[in-house]
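Encoded as structure tokens, the structure appears first; notes follow it.
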Amino acid sequence: MRKFLFSFIRVSVLAFIFFASYLLQCSCMAQQETSKIMVGVKEVFEVTAIHSLSASERARLVNNRIQTILRDSALSPRAISVKPMPDGNPAVVLGDFTITEVTRPDAARAGMNRFELAGLWSETLKSELGHLKPLYLRTAKFDVKMLTEHNVLLFIIQITVLLLTATIFGELSARLKQPPVIGQLFAGVFLGHSVLGSVFPNFIDSIFPVDDTQSFLLEVVSWIGVIFLLMLTGMETDLKLVRKEFRSAMGSIALGTLVPFFAGCGLAYYLPAYLFADSDSKVLAGLFLGTVFSVSSVPVVAKILMEMELLRGKVGQLILTTSLCQDVIGCLMLAVVAALADTTGAGASRIWLAPLGTLAFVLVLLGSRPLLFSLIRRVNDNSRLENPLMTLVVVLLFASSAITHFLGVHVVLGAFAIGVLLAQSPMVTERVVHPLRSMTMSVFAPIFFAAAGLHVNLGIFLEYKLLIATAVIALFACLSKVFGSYIGCRIGGLGHFESLAVSSAANARGAMGLIVGILGFSLGIISIDMLSIIIIVSIVTTAMAPPMVRWSMNRVGVDEPEESSSSQGVELFSRSFVTGISRILVLTGAAGSQGLLLTI
């Protein structure tokens, strides 16, 4: 009995040791590092480490070989087969081109023997590559890179983080009685390496990695935001107001544009070369900085006037007219700078194309105005879609932007010009514009401004040279703009404080300053440090405008609205439900008649 018990204990211990060893082996196998093999965006199988290569290094080599097969027309996926290697491991090959070996750890993890797994991998690659290769061959000249699942996931996370943070900071900015754009910019600064990135660098790098693909995805969204913002700016342009007040505002428009432009051109020659991407092109740098100094922001100015109830007053109309005209001139100047910045070397020869293309585009756009309005009316009357005019507006917007970009004038003019033209159509009512404005101001604009803030480097305040450069540029930008507009207003017959109110409002660069700065960076004109300085200048001038305008207007006194009864009528009509009606059904014939006449 004792021997039996001893034997039983010994067998049990051995069985326990064997079972524990088996579990440990399974655990190690389960925890063994693996990495994915991709065909396009699809995961086909996983590989383990081999020899001195880690699983990720091995997967990178195999994925590169798969890309070679996809892009080389001489390599046919139909020829993929299994071939034994000298070390005994089977390999998936394409003729003499080895794709990957199948090792014992690979087979053990799959629960198959090596040759069975090699056959499975071979058939999988043959099928997937056979379906995808024609697409790659058709698009080979464009060097198309397919998005991976990780790219898509990271893009969604980036949009979520940027939009949420921009909304929170924009709300805080609005509660502080500042334009929301300032808070949205600071959201990007907060998420960038200047603030959060300095505390959690690995976390921020994982969300916003330095990767071409991810940068391009965010840049596409930003460009859409720019195009829609410029269209809405054009829609806010009141041509009747411009014609009415143009003579009075002519001096402020001319000097408020020319003085800062020449100040920016002159200052560029004395700034350090490292602030510009091409240090040899001082002319291009001067034209660009002059454009930055010259622009003004209509949305910010309009918001200030609405909050102060000055939009219908004489001074308010002069302020808005000045900002509108300076916006238009800024768009034209930016188009010329974009043509000069052509990196293909044809920029100098295309300098004449910009003004000629602008003139031709404007003439064609004005000439096609009746045809365009007729198209809008037909779509509105005959389409059975839910909101066909909104779709048509977006199509016209991108078509116009594409045409001007093709002419060498840049997308900014096309988007702005089509906005001005569409605003004159009686069919493009608030019912059409409101969804576009809501989507732009609630989604695209916050993402655009927050993404711009990511580029801001607050570290420039720690380097005395960059700090001095920022202070000098901000000082020159403010003084030249305010001084030029002020002198122009005094020449036009305005008083001291009225002139100061107009020039202070025109100094707000807002979104236009950001757009010009980001376009300059994307065109390779300025460095990342200069982009940070321009964004900071835009923030400072935008924040300065509201208190300066309020201070000046308080000393002017209450500006009585012109034609108050007419203004009240316009305001009441704008609030009426009638403005939202695009089609009216009128009963024709006697009572009981079934005839209906559709009128607009």
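Could you go through region 112-132 and let me know if any residue there is at pLDDT below 80 and under 21 Å from Leu70 (Cα atoms). Yes, some residue in region 112-132 is at pLDDT below 80 and under 21 Å from Leu70 (Cα atoms). Of the residues making up region 74-113, not one is touching a helix residue (DSSP H, G or I) at 6+ places or on another chain (Cβ under 8 Å), of a type in the set (D, E, K, R) and in a loop (DSSP other than H, G, I, E, B).
Within region 382-418, the residues that satisfy the criterion of being within 19 Å of the chain's Cα centre (by Cα), small (Gly, Ala, Ser) and closer than 14 Å to Leu372 by Cα are Ala399, Ser400.
Checking each residue in region 82-101 for being more than 45 Å from the chain's Cα centre (by Cα), open to solvent by less than 50 Å² (accessible area, probe 1.4 Å) and either among the aromatic types (Phe, Trp, Tyr) or modelled with pLDDT of 90 or more (or both) picks out Pro90, Ala91.
Taking residues in region 88-105 that are in contact (Cβ under 8 Å) with a residue 60 or more places away in the chain, and partners anywhere that are assigned to a loop (DSSP other than H, G, I, E, B) and open to solvent by 10 Å² or more (accessible area, probe 1.4 Å), the pairs with Cβ atoms closer than 7 Å and at least 6 places apart or on different chains are Pro105/Gln32.
Taking Val428 as the residue in question, decide whether it is assigned to a loop (DSSP other than H, G, I, E, B) and open to solvent by 10 Å² or more (accessible area, probe 1.4 Å). In short, yes. Out of curiosity, is Ser54 small (Gly, Ala, Ser) and modelled with pLDDT under 85? Taking the combined requirement at face value, the residue satisfies it.
The set of residues from region 468-488 being more than 24 Å from Leu458 (Cβ to Cβ) and under 28 Å from the mean Cα position of the chain (by Cα) comprises just one member, Lys481.
Taking the listed residues Val242, Val259, the one that is open to solvent by 20 Å² or more (accessible area, probe 1.4 Å), at pLDDT 80 or above, touching a helix residue (DSSP H, G or I) at 6+ places or on another chain (Cβ under 6 Å) and not basic (Lys, Arg) is Val259, with no other qualifying. Picking from residues in region 322-371 that are open to solvent by less than 70 Å² (accessible area, probe 1.4 Å) and among the polar types (S, T, N, Q), the one that is modelled with the lowest pLDDT is Thr358.
Only a single criterion out of (1) at pLDDT 80 or above; (2) open to solvent by 60 Å² or more (accessible area, probe 1.4 Å) is not satisfied by Ala107, namely (2).
Just one of (1) at pLDDT below 80; (2) surrounded by 21 or more Cβ atoms within 10 Å (Cβ to Cβ) fails for Arg575. It is (2).
Taken as a whole, the structure leaves Thr68 outside the set of residues that are open to solvent by less than 30 Å² (accessible area, probe 1.4 Å), out of contact with any Pro (no Cβ under 6 Å at 6 or more places or on another chain) and either in a helix (DSSP H, G or I) or of a type outside the set (A, V, I, L, M) (or both).
Yes or no, residue by residue, for (1) over 16 Å from Glu128 (Cα atoms); (2) modelled with pLDDT of 85 or more; (3) of a type outside the set (Lys, Arg); (4) buried (at least 16 other Cβ atoms within 10 Å of the Cβ):
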site	(1), (2), (3), (4)
Val11	yes, no, yes, no
Ala20	yes, no, yes, no
Gln25	yes, no, yes, no
Lys36	no, yes, no, yes
Val47	yes, yes, yes, yes
Asp72	no, no, yes, no
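Selection of region 262-282 for residues being in contact with a helix residue (DSSP H, G or I) (Cβ under 8 Å, 6 or more places away or on another chain) and at pLDDT 80 or above yields Phe262, Ala263, Gly264, Cys265, Gly266, Leu267, Ala268, Tyr269, Leu271, Pro272, Leu275, Phe276. Exactly one residue out of Ile447, Ile460, Ile468 is part of a helix (DSSP H, G or I) and surrounded by fewer than 15 Cβ atoms within 10 Å (Cβ to Cβ), and it is Ile468. Residue pairs whose Cβ atoms lie under 8 Å apart, sitting 6 or more positions apart in sequence or on different chains, and linking a residue in region 480-496 that is in contact (Cβ under 8 Å) with a residue 60 or more places away in the chain and surrounded by fewer than 16 Cβ atoms within 10 Å (Cβ to Cβ) to a partner that is part of a helix (DSSP H, G or I) and of a type in the set (S, T, N, Q), are Gly493/Ser248.
Here's the yes/no breakdown for (1) at pLDDT below 85; (2) surrounded by fewer than 18 Cβ atoms within 10 Å (Cβ to Cβ); (3) among the polar types (S, T, N, Q); (4) in a helix (DSSP H, G or I):
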residue	(1), (2), (3), (4)
Leu137	yes, yes, no, yes
Lys141	yes, yes, no, yes
Ala174	yes, yes, no, yes
Lys177	yes, yes, no, no
Val181	yes, no, no, yes
Glu219	yes, yes, no, yes
Leu232	yes, no, no, yes
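Is one or more of the residues making up region 519-526 open to solvent by less than 10 Å² (accessible area, probe 1.4 Å) and part of a helix (DSSP H, G or I)? Yes.
The values are calculated or read from the model by the stated rules, or taken from the named source; none is laboratory data. Here the structure is a predicted model, which means the values were calculated and not measured. Methodologically, a virtual Cβ is constructed for each residue, glycine included, from the backbone with ideal geometry; neighbour enumeration extends over all protein chains shown. These accessible areas exclude ligands, DNA and RNA; they are computed on the full protein's heavy atoms, side chains included. Shrake-Rupley method; radii C 1.70, N 1.55, O 1.52, S 1.80 Å.
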